[in-house]
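Reading through the structure tokens given below for one structure.
None of the figures in this text is laboratory data; all of them are computed from the coordinates on show. What you are looking at is a predicted structure, and each value in this text was computed from that prediction instead of being measured. Cβ placement follows ideal geometry from the backbone for every residue including glycine, while neighbour counts extend to all protein chains displayed.
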Amino acid sequence: MGTSAGTIGPMRTAFSNLLRELRASRGKSLADLASLIHFSRGYIGNVETGGKFPARAFAELADTALQAHGELVRAWQLADDEERATEQTRRLMAASVRESETLDALCGSRPDTGFVGEAVRSLAVAYLGTPPGPMLAEATQLRSELVDRIKKGGVRPEDENDLVLAAGHLSGILAYAALDLGSPDAAVAHARAAWSCGDRVGDNALRAWTRGTQSLIARFQSDYERALEYIRDGEQYAAGGTAKPRILCGLAQCMANLGNSTEANSALDAAQTAREQSRIPDSMPGLFEFSQAKQHYYAGSSLIWLNGRENAERAEREATQAIRMWEAESPETRSLDDEALAHVYLGTARLQLGELDGGMAAIRPILDLPEERKISWIGKRLDRFQGMLLQPPYRGSLVAKDAVEEIRALN
């Protein structure tokens with residue numbers, strides 16, 4: 001998964017585990033190793049549990065003392081590279097949040113609508129097939145330039161509005177990147193800035209999209225009542241393009257999380273009707289569009305939270321259709337993160353239907369994803385998948401136990 005602030009990354013975990021395993025295999029206690037490398041038992045214990053990450057000298061001394069022949073130093077180097085990358089992302093996240101707060105304040109009281117630059121449109125499309133880390137960096141850099149221009153002033157009102165709207169879309173991209181990297185608080189700040197920009201220029205498309213995204217963030221934080229409030233407010237702005245289907249699908253997700261099967265299914269049906277009746281194209285592509293494939297994906301992601309075979313069967317159909325549609329799409333419109341999540345939703349629906357082998361077959365394609373593609377949502381949903389394998393009717397099953405071990409080993 002994307003490593004967020006306060007989270008220990010997989011390479012650091014691997015280093016800690018290797019140190020503990022090497023010490024145990026050599027028959028040495030914490031006290032034994034402490035006397036050999038002149039670090040306290042408490043410090044070594046903290047390193048082994050992931051509480052501390054040592055300097056290279058520690059790894060070199062421990063490698064020699066445990067006769068690891070460089071294996072421990074190599075593991076430390078991988079962990080150090082990961083720590084540096086995580087710290088860089090953390091700093092970038094903090095800087096982008098500060099800028100969102102500045103932008104939020106700047107947008108308090110100015111007028112009307114505008115043009116969105118080609119660079120912003122390109123980023124919105126690129127987000128569908130690019131890991132969130134690079135998107136965070138590119139969107140932060142471009143938005144910094146726009147904020148500087150807005151702060152300096154001296155541009156015509158219509159041009160200023162164009163800049164504000166572009167900054168709003170970039171803030172929306174940053175909100176998604178922050179959430180995918182596991183930083184919901186940063187996502188909240190970016191979404192607030194996106195809302196301020198859209199509200200200032202009176203852009204209903206961005207207003208509706210942002211309310212849907214704020215609802216998404218609230219659901220990530222398991223605040224389902226708040227998520228529903230954002231959706232209800234967003235309904236008044238959802239007129240053109242795919243805004244209404246997206247808001248209605250967000251409503252379905254909220255209702256499903258609140259356990260209301262009737263309302264969830266009704267909202268999904270209404271979303272399809274709204275799509276068929278829509279005649280106005282979206283003003284922004286990529287991340288800001290709500291494709292038919294994504295609509296099926298939202299349906300599957302809603303229905304897996306509800307009881308009943310009917311809901312599980314529909315969730316299976318919807319997730320399957322989303323995957324098929326994305327597999328047939330061009331790289332520009334194929335949302336890779338959502339496609340990966342659709343596999344988890346498909347697997348979850350199959351577990352609910354009693355199909356253990358089918359559930360594992362559905363999630364297997366995402367277990368070997370590279371680390372940068374394992375967004376925070378995948379971790380959350382795989383945790384639930386594993387939890388289901390430890391509950392009836394799978395509890396005690398050797399097949400289910402093997403499945404959990406396979407997920408933990410590869411995840």
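How long are the semi-axes of the equivalent ellipsoid of the range 161-255, taking √(5λ) for every eigenvalue λ of the Cα gyration tensor, in whole Å from largest down? Present the calculation step by step, with values, prior to reporting the outcome.
Working: eigenvalues 74, 58, 17 Å².
In descending order, the three semi-axes are 19, 17, 9 Å.
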Can you tell me the order of 229-241, 357-369 when each peptide is scored by its average per-residue count of other Cβ atoms within 10 angstrom, highest first? 229-241, 357-369
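Around Trp377, under 13 Å between beta carbons, what's the net of Lys plus Arg minus Asp minus Glu among the other residues? Mind dumping the intermediate values first?
Numbers: positive: Arg219, Arg373, Lys374, Lys380, Arg381, Arg384; negative: Asp180, Asp337, Asp338, Glu339, Asp383.
Residues near Trp377 contribute +1 overall.
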Take peptides 290-301, 163-174 and line them up by average Cβ neighbours within 10 Å, highest first, as a rough protection proxy. 163-174, 290-301
Using the 2.2 N^0.38 Å rule of thumb for compact globular proteins, work out how the chain stacks up: its C-alpha Rg over that value, please. 1.10
Answer with one residue from Asn311, Thr348, Ser376: the one whose Cα lies farthest towards the positive end of the charge dipole of the range 292-411, charges on Cβ with Lys, Arg +1 and Asp, Glu -1. Asn311
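Can you tell me how the range 292-411 classifies by the Cα gyration tensor, rounded, prolate or oblate, using a/c under 1.5 as the rounded cut?
It is oblate, given that a/c is not under 1.5 and a/b is not larger than b/c.
Excluding Pro54 itself, what net charge comes from residues whose Cβ is under 13 Å from its Cβ, given Lys and Arg +1 and Asp and Glu -1?
On the way: positive: Arg12, Lys52, Arg56; negative: Glu48, Glu60, Asp63, Asp80, Glu83.
Its environment carries a net charge of -2.
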Using mean Cβ contacts within 10 Å as the protection proxy, how do 141-153, 243-255, 14-26 order, highest first? 243-255, 14-26, 141-153
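Suppose every Lys and Arg Cβ carries +1 and every Asp and Glu Cβ carries -1, with no other charges. What dipole size does the chain come out with about its Cα centre, to the nearest 20 debye?
Working: 47 positive and 56 negative charges, 156 e Å.
Computed charge dipole of the chain: roughly 760 debye.
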Inter-site label distance for Leu78 and Ser144 at 7 Å from Cα along Cβ, in nm: 3.2 nm
Test of understanding: what is the full-extension gain from Arg41 to Glu327, defined as 0.36 nm times their sequence separation minus their Cα-Cα distance? 97.7 nm
With runs of 4+ DSSP H residues as the only contributors, calculate the mean residue ellipticity of the chain at 222 nm using -39,500 (n - 2.57) per run, divided by the residue total and rounded to the nearest 500. -24000 deg cm²/dmol
Straight-line reach only, C-alpha to C-alpha below 24 angstrom: list the lysines that Lys401 could link to, leaving out same-chain residues fewer than 8 apart. Lys374, Lys380
